[in-house]
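The values are calculated or read from the model by the stated rules, or taken from the named source; none is laboratory data. Only a predicted model underlies this, so the values are computations on that prediction, with no experimental measurement involved. Cβ placement follows ideal geometry from the backbone for every residue including glycine, while neighbour counts extend to all protein chains displayed. Surface areas here come from the heavy atoms of the whole protein model, side chains and all, with no ligands, DNA or RNA. Shrake-Rupley method; radii C 1.70, N 1.55, O 1.52, S 1.80 Å.
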Amino acid sequence: MTMQLTNLKVVTVTLNPALDLTGHLQILTKGTVNQVQHCALEPAGKGVNVAKVLAELGAEVTATGFLGVENQTPFCQLFERSNIKDKFIRVQGATRINVKLVESSSQVSDINFPGVSVTAAAIVEFETMLANLSIDHDVFVIAGSLPIGVTPEQCAKWISQLQKAGKKVFFDSSNAALSAGIAVQPWLIKPNDEELAQWTKDTKHAKGESMAGKSLVEIAQQLASTGISNVVVSLGADGVMWLNHEGWLQAKPPQMAIVSTVGAGDTLVAGMCWGQLNNWNKKQTLGFATALSALAVTQVGVGVEDINEVITMSERITIGE
Ligand SMILES: Nc1ncnc2c1ncn2[C@@H]1O[C@H](COP(=O)(O)OP(=O)(O)O)[C@@H](O)[C@H]1O
Ligand SMILES: O=P(O)(O)OC[C@H]1O[C@](O)(COP(=O)(O)O)[C@@H](O)[C@@H]1O
């Protein structure tokens, strides 16, 4: 754990958390019986993962969203253990279990389930919670997919309200939620290359203009021109590209021994957020966040195993414009 250099307070929002069931097996063969060699079941979901990493770095973290009452114990234990303030709205039913099958080649197959059903009453409760948290918190990380009952437009409205209240919103989602969120200009977005390509396809349909053949750089530039202050594109083993008012910065990690890539994106978001909470400059933030996420692929689940390792890894990240 390290010391945070500002007193900025962060909230992570996980509208659709998950228990991640990770199974390691030699090769996954569709349509046959596959034997898992070892497995782990961990409380997760994008915002929960970001909260865990931030808390382990030393941030004061509050987590909210919707949590099923039937299987909440592992989440409650995590919040207790990691000193994360639990402001989740409880809903009927069980939080989804997402299955991650990791082959010995390190290829991961993700099977992500839809999640709990959120009622209109729970949404009202959540909106009250968000309004209360926005009184004395500065940075909001909204991450992950939407559960049944929450629309992309509602999610976009929450981003918009927080931004209007002067909060910095980090937004990491996909598909329709990403498109709706992009339209209201969060302070930072972190699509991966696939999500960005998908957004490109969606906007082509929505606006009737062709983005076909555009490079990731051009697409990111177009996003920045709509008023998104920070466009961070994650590129797996190829690292990260970050566009803001200072221009482009790119980071490339060294080759890592991969155990599981699940959670690497969330760890990158946490690292970017930690840079903001410490008021670091762009290079320091990107170097640290890339190192943190590169180390995340060497473990199952997220978390900061050794801060000294992160600092040493930061020195091995190649940064360029
Ligand atoms: N194989 C890898 N080797 C080193 N770093 C990696 C690897 N895969 C991911 N990372 C790091 O984690 C970040 C997020 O991973 P990525 O797969 O792009 O995101 P997502 O999980 O959202 O799809 C990357 O930008 C990179 O810094
Ligand atoms: O909310 P979504 O988009 O369904 O994704 C949820 C899944 O993503 C994760 O948060 C991991 O995300 P990343 O690999 O992108 O960091 C898992 O813990 C979880 O099962």
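Using a cut-off of 14 Å between beta-carbons, work out the net charge of the residues near E315 (Lys and Arg +1, Asp and Glu -1, E315 not included).
Details: positive: K252, K283, R316; negative: E309.
Surrounding charge for E315 is +2.
Run down the aspartates and glutamates and flag those whose C-alpha is under 14 Å from the C-alpha of K157, throwing out any fewer than 8 positions away in its chain.
E127
Ordered by packing density, taken as the mean number of other Cβ atoms within 10 Å over each peptide's residues, highest first, how do 248-259, 141-152, 43-54 rank?
Values: 248-259: 15.8, 141-152: 21.5, 43-54: 29.0.
Result, highest mean Cβ count within 10 Å first: 43-54, 141-152, 248-259.
Highest mean first, how do 70-83, 228-241 rank when packing is the count of other Cβ atoms within 10 Å averaged over residues?
Working: 70-83: 14.9, 228-241: 19.7.
Highest-to-lowest ranking by the protection proxy: 228-241, 70-83.
Relative contact order for the chain: what percent, with Cα pairs under 8 Å and sequence separation of 6 or more? Write out the running numbers ahead of the final one.
Numbers: 691 pairs, mean separation 53.4, N = 321.
So the answer I get is 17 percent.
Along the three principal axes, how long is the range 260-321 when you take its alpha carbons, biggest first, rounded to the nearest angstrom?
30, 22, 22
Normalise the Debye intensity by I(0) for the range 170-284, one equal point scatterer per Cα, no solvent, then take log10 at q = 0.13, 0.20, 0.24 Å⁻¹ and round to two decimals.
Once normalised to I(0) and log-transformed, intensities are -0.50, -1.15, -1.57.
Putting +1 on Lys and Arg Cβ atoms and -1 on Asp and Glu Cβ atoms, find which of G115, I97, V36 reaches farthest to the positive end of the dipole of the range 1-124.
The Cα lying farthest towards the positive end belongs to G115.
Counting only heavy atoms of the protein chains, get the accessible area per residue of the chain (1.4 Å probe) and round it to a whole Å² value. Before the final figure, lay out the partial values.
Working: 14370 Å² over 321 residues.
Here the residues of the chain average 45 Å² of exposed surface.
Between the range 64-125 and the range 273-319, what is the C-alpha centre distance in whole Å?
For the range 64-125 versus the range 273-319, the Cα centre distance is 25 Å.
For a 31 Å ceiling on Cα separation, which of these pairs sit above it: K100/K164; K87/K283; K46/K283; K30/K85; K52/K214?
Details: K100/K164 37 Å; K87/K283 33 Å; K46/K283 24 Å; K30/K85 41 Å; K52/K214 36 Å.
Over 31 Å Cα-Cα: K100/K164; K87/K283; K30/K85; K52/K214.
Would you calculate, for the chain, the mean residue ellipticity at 222 nm contributed by helices, counting each DSSP H stretch of 4 or more residues as -39,500 (n - 2.57) and dividing by all residues, to the nearest 500? List each step's numbers first, then the result.
Numbers: 10 runs with 123 residues, N = 321.
Computed mean residue ellipticity for the chain: -12000 deg cm²/dmol.
Within the range 90-104, what residues put their amide N at less than 18 Å from the label point 7 Å along the Cα-to-Cβ vector of T128?
Under cut-off, by backbone N: 90-92.
Given 10 Å bins starting at zero, what is the percent of C-alpha pairs of the range 9-320 in each, up to the one with the largest pair distance?
Using 10 Å bins, I get a P(r) of 6, 28, 36, 24, 6, 0 for the range 9-320.
G68's amide H: which non-local residues (gap 5+, or another chain) put their own amide H closer than 5 Å, with H modeled 1.01 Å from N in plane and none for Pro or chain starts?
It is V91, T95, by chain and number.
If Lys and Arg each add +1 and Asp and Glu each add -1, what is the summed charge of the other residues whose beta carbon sits under 11 Å from the beta carbon of V233?
On the way: positive: K190; negative: D193, E194, E195, D238.
Local charge sum for V233: -3.
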